[in-house]
Amino acid sequence: SLVDDLRAARRRFSVEFSPAHDEATAQRQWRAVQRLEPLAPVFASVTYGAGGGDRAGSVDLASRLARETTVRPLAHLTAVGQSTAQLADVLDELAAGGVRDVLALRGDPDGDPHAPWEPHPEGLEHADELVRLALQHGADTVAVAAFPLGHPDSPDLDTDLRRLLGKFAAGARCAIAQLTFDVEDFLRLRDRLAAAGCDVPLLPGLLPVTSPRVLEVTRRLTDGHEPSWLHRRLDPFLDDRGAFREEGMRVAVEDGRRLLAEGVEVLHLYSLNAASNVEALVGELGLAGPGGAR
Ligand code: FAD
């Protein structure tokens, strides 16, 4: 199972894709998938409707991974704007497409991610309910999101930790941490879980910020918590694409090395639907799985 593979830690990275909005992106993305497949990631996760993305496209991409590659898909699913019955249908479609593993998320309000959360009137209120629903619909491993700095709706870190533990109590067996560039924040979350007696695999996210456009994406992926030191390191290169790229990659490699030195076994790499940065990190950090091309 996915969680057994995480625990065995013979494969050292996972990779994230998002459904493409147009044919050209879809083709580029699929070439990226084919280039990364030989590096043997533990799984490839496929985002769902994040930032107004295409939901059917997410199920299609995850199913295509299951059908046409040796890469295990992890399908993100959110409770946004759908009734429980509709969510159950999506879970059944995923299962029919050979997708066995699900990242169960609450999601954020469509349109304005910072608006107060309103569950669908016939839907689910929190991710723990989606964990249960996914398991009822035959999911194998269910993963959940974790927040090194606490989720923005959580009043404090203790409450946030209790909610995370609630998702594990509901049956989730691993967690992916929200992207953070401060390795210490990730490690503190790992310590809080360990202190609570919880040993589920927790994956840190790693995104090489190799262009000003990626710096923009970073703001969204970190809920506005991208650290000021990241700007201090990158801003001097805003007018020099090559130097910006090198510095962004250096930051990611430094963070990756620290995480590995701290005993983290699997790193979750954001691909932004392209292969080269992921390949570079896998090469630099020695993350290729067994039989992996590097
Ligand atoms: P929850 O776990 O439900 O938590 C939300 C808030 O409710 C928290 O404050 C929590 O403390 C509280 N809470 C949780 N359970 C309970 C309970 N039982 N009772 C009372 N309060 C509770 N979004 C997308 O739209 N698509 C994606 O593909 C996507 N992928 C993501 C991947 C990762 C790794 C991460 C970290 C986030 C991703 N997101 C995605 C964003 C995510 O949907 C938002 O961060 C959302 O605000 C929280 O989702 P959650 O699953 O953590 O919610």
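Ordering 209-217, 24-32 by mean Cβ neighbour count within 10 Å, with the highest value first, yields 209-217, 24-32. Cα extents for the chain along the principal axes, largest to smallest and rounded to whole angstrom: 51, 44, 39.
Residue-wise HN-Hα couplings along the range 189-198, as the Karplus relation 6.51 cos²θ - 1.76 cosθ + 1.60 with θ = phi - 60° gives them from phi, are 4, 4, 5, 4, 5, 4, 5, 8, x, 9 Hz; Gly and Pro carry x. For Val214, neighbours were defined as the other residues whose beta-carbon sits under 13 Å from its Cβ, and their charges (Lys and Arg +1, Asp and Glu -1) total +2.
Selection among Gly205, Leu272, Pro38 by position relative to the dipole of the chain gives Pro38 as farthest towards the positive end (Cβ unit charges, Cα centre). State whether the range 19-81 is rounded, prolate or oblate according to the following rule on the C-alpha gyration tensor (a ≥ b ≥ c being the square roots of its eigenvalues): a/c under 1.5 gives rounded; otherwise a/b larger than b/c gives prolate, and the remaining case gives oblate. Here the range 19-81 falls in the oblate category. Between Ala8, Ala26, His225, the Cα set farthest toward the positive side of the dipole of the chain (charges on each charged residue's Cβ, about the Cα centre) is that of Ala8. Please give me, ordered by residue number, the GluC sites (Glu not before Pro) of the range 12-111 that lie in loop per DSSP and have at most 11 other Cβ atoms within 10 Å. Here no GluC sites (Glu not before Pro) fit, given the DSSP loop and packing criteria.
Rounded to whole Å, the principal axis extents of the Cα atoms in the range 186-281 read 48, 27, 23, largest first.
Positive end of the dipole of the range 40-113 (Cβ unit charges, origin at the Cα centre): among Thr69, Val102, Ala88, the Cα lying farthest that way belongs to Thr69.
In this label model, Arg232 and Asp110 are separated by 4.3 nm, measuring between points 7 Å along each Cα→Cβ vector. Put a dot 7 Å past the Cα of Asp89, heading toward its Cβ, do the same for Ala195, and the two dots end up 4.6 nm apart. The loop-placed GluC sites (Glu not before Pro) in the range 100-196, going by DSSP, that have at most 16 neighbouring Cβ atoms within 10 Å of their Cβ come out as Glu122, Glu125. For a test of the definition: using alpha carbon positions, the gyration tensor, and the 1.5 limit on a/c, classify the range 73-177 as rounded, prolate or oblate. It comes out oblate by the Cα gyration axes.
Values in this text are rule-based calculations from the coordinates and carry no lab data. Remember, it's a predicted structure, so these values are computed and weren't measured experimentally. Please note: Cβ atoms are built from the backbone with ideal geometry, for glycine as well, and neighbour counts cover all protein chains shown.
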